[in-house]
Amino acid sequence: MGLLAAAFVLAWLGSWRFFRSQLDNSAYDAMFRLYQPKPWQPQSAILAIDEPTLKKYEGMHIRKPLADALRLIAAVHPTAVAIDVTLTDRGDDSADDLALQEAFCATPHLVLTSLLMDEPVKWEDPKPEFARCAAAIGHVHAEPDDNDSVTRSISLEKYIGLDRRWALAAQAFRMSHGGALPLERPGAYGTGDVVIGGVAIPTRRTDEGLIMRVCYAPPGVIPKVSLVRLLEDPSRASRFAGKAVFVGVTAETLARDRLFTPYAFGRTTTGIEINASAFETIAQGLFITDVREQWVLLFSLALVVAAGLSFRYLPGWWAYAGGAAVLLAAIVTPYICFTHRQVFSLATPFAAAMLGNLTAAMYYQLVVRRALRLEQSKSDRYQQAMHFVTHEMRTPLSAIQGSSELISKYALTEEKRKQVADLINSESKRLARMVEVFLHVERLTAGQMELKHEAIPVGELVAVCVTRVRPVAERKRITITVRPLPSELQLSGDRELMEYACYNLLTNAVKYSPQKTEVTVSAASSQGQVRIAVQDQGIGMDSKEVKQIFHKFYRTKKAEESGEAGTGIGLSIVQQIVEQHGGQIEVTSKPGEGSCFTLVLPAAVLAPAPGAAERH
């Protein structure tokens, strides 16, 4: 859970810090182009000052033609007329200005444009004679987002000091719905409503003022009529009947008025078309709102938890299928929300799903590998058990088998029968001790058993092991020499396991030594440790072989060539016994000169002798 929590925090902070706005905006634009809303009956239309109009009237000398067009439009009773044309100065012909002024005054619910100038900061309003005819004045600023120059929202208001101007689209809607002044209703978390004409417009407060996302109409939804075509065919004015008319420049040659929108991928559109779409957003109630950040975070957290549960409880490839489903949910959920006109962040859930899956998958792999290692360890111990049986128990089993055959096949004297019976008894006890030793080693390795800690006299331990090995040594005429051992020397450990370890070293020394050589056993104490050394004059080993002799089933090349039976398991068991006792094995060897194995084990703590007062 700690790793998943770290993945969630990293996804949240990383998405905010590096790529959230870019990814969310790209996803927003893609969903805009992918989703096709239900068609609606538009309540606005555009009178376009397009290329043919500019060509016929030699540029923007259109005040007289505009006046004629407005008279035709006024005759069909539009709900409002919003004009996005700069009218701050006098025209070339005063008669044209007068004609336009008269047309303005005859146009119902007229909305004119004001511009917010940067240097100096001021409102640039229409000429006073034009402004007197307007029912309202609105700003036409549709600023693109800073990071990618796409206009996704408009500011419903602009301020200079206390002088506030509402957006052209908002003023057009207000004029077409009674003309009541907008009413602002602040909400929580920077949200709120602006009530215009009885419609509550959801907004969010930013440094640019109250922002409203624009639900752009698909191409062709809002009717568009060229100004020059209207004058050539006045019957076209019927297309403006009962609609809010937006008048503005759509000609591509005026590039400064062309902007990018989510719908027009790689293609520009005009400010008047953006204002018309903003009007339709309000008129149709197609408001796009942002899902609150706490819901995004909760959803992202749920994705991380789901990824963790998938890899925790689903087996094999189903876990990866669950992780893929989590990632798909992170992608699909924002789109489903968008179809309900809600903006749900993609960046944070996507990052959370990715990091959650990656973290859970890595942990899953580690757990699986650990389980495999445990299974392999169990398998190795089982193999070791089998080899131990074949390696260590072959001799007593052979003795028991041969003795039992003698008793059954031959008529033996009572004395001989007693000797054979004693041999069977001793070998069966020896076999039982081997099984017990093996079980102890297995339990110790698996952590299922605690060691016995008793004081073991080293001299007694060595004597027992030498006695058991001496018959084998005598057959090869090998002398076993035990150097004088301090009588008080004791080690702390499990007697049976220590006997096995010492016996194994002595057996190996005899087994891999040539005839008529010597095996020397010595012991000493140093710094709280007991050192039991077994020195032979055998085949010896080089440094590379010394490093591998404690690996399970490893046998040196010379050991295999010697013809002596063995599986390479004995020293591995000895090492386990010694390490479980907190000791270690030291090995020195040279090829052809013999080897010395030294067991370094904790010494037993001797109780202090009673003092004079205690004796008294």
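The values are calculated or read from the model by the stated rules, or taken from the named source; none is laboratory data. This is a predicted model, so every value here is computed, not measured. Positions of Cβ are generated from backbone atoms using ideal geometry, with glycine treated the same way; all protein chains shown enter the neighbour counts.
Annotations for the structure displayed:
- Meets criteria (assigned to a loop (DSSP other than H, G, I, E, B) and either in the same structural domain as residue 181 (by TED's automatic domain parsing) or in contact with a strand residue (DSSP E or B) (Cβ under 7 Å, 6 or more places away or on another chain) (or both)) for residue 120: yes
- Residue that is nearest to residue 488 (Cα to Cα) [pool: residues in the range 518-538 that are surrounded by fewer than 21 Cβ atoms within 10 Å (Cβ to Cβ) and free of Cβ contacts under 8 Å to residues at least 60 places away in the same chain]: 524
- Pick from the range 172-203, criterion touching a Gly at 6+ places or on another chain (Cβ under 8 Å) and farther than 20 Å from residue 280 by Cβ, ranking: surrounded by the most Cβ atoms within 10 Å (Cβ to Cβ): 184
- Subset of the range 213-246 that is assigned to a strand (DSSP E or B) and out of contact with any helix residue (DSSP H, G or I) (no Cβ under 7 Å at 6 or more places or on another chain) - its residue that is surrounded by the most Cβ atoms within 10 Å (Cβ to Cβ): 213
- Residue match in the range 431-449 (condition: modelled with pLDDT of 75 or more and not in a strand (DSSP E or B)): yes
- Those residues of the range 146-186 which are modelled with pLDDT under 85, under 39 Å from the mean Cα position of the chain (by Cα) and either part of a helix (DSSP H, G or I) or under 18 Å from residue 118 (Cα atoms) (or both), in sequence order: 146
- Residues satisfying the stated conditions in the range 203-212, i.e. assigned to a loop (DSSP other than H, G, I, E, B) and in contact (Cβ under 8 Å) with a residue 24 or more places away in the chain: 208
- For the range 27-63, the set of residues classified as small (Gly, Ala, Ser), closer than 26 Å to residue 217 by Cβ and free of Cβ contacts under 8 Å to residues at least 40 places away in the same chain consists of 30 only.
- Within the range 53-96, the set of residues being modelled with pLDDT of 85 or more, over 25 Å from residue 171 (Cα atoms) and of a type in the set (Ser, Thr, Tyr) comprises 53, 57.
- Close Cβ contacts (under 7 Å, 6 or more residues apart or on different chains) running from residues in the range 257-275 that are modelled with pLDDT of 85 or more to residues that are among the small types (Gly, Ala, Ser) and assigned to a helix (DSSP H, G or I) comprise 275/169.
- Taking the listed residues 99, 45, the one that is over 21 Å from residue 253 (Cα atoms), at pLDDT 85 or above and either over 54 Å from the mean Cα position of the chain (by Cα) or aromatic (Phe, Trp, Tyr) (or both) is 99, with no other qualifying.
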